[in-house]
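Reading through the structure tokens given below for one structure.
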Amino acid sequence: MTTIEDADMQFRVDRDLDEMENMVHGALTLLRGLNDDESAEAVDINELLGTLQGEFAEMGTPLRSAWAGGACCTPANRWRSSAVSPTS
């Protein structure tokens, strides 16, 4: 077992581990509260993307999406994927 000799570094590692533990506990609490009795529902991905595009356009941030083996949708002024291009 390795120990950290630097007290400041040990404090930061302990703090980070405590934060990660709290995040895991929070995620588990959230997941335990989900309703598992809810049935799965099919989603039309094209309709969903169209809805997102419309909602973002109403907010003044037009989206452009492309289908390349998976859905890609991003604000036009912040695109990063080769499957997504900014609107003209």
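The values are calculated or read from the model by the stated rules, or taken from the named source; none is laboratory data. This structure is a prediction, so every number in the text was calculated from the model and none was measured.
Some points to look at:
- Matching residues, the stretch 1-50, being under 30 Å from Pro62 (Cα atoms) and outside any loop (DSSP other than H, G, I, E, B): Ile45, Asn46, Glu47, Leu48, Leu49, Gly50
- A residue that is of a type in the set (S, T, N, Q) and either over 20 Å from the mean Cα position of the chain (by Cα) or modelled with pLDDT of 85 or more (or both) cannot be found anywhere in the stretch 55-75.
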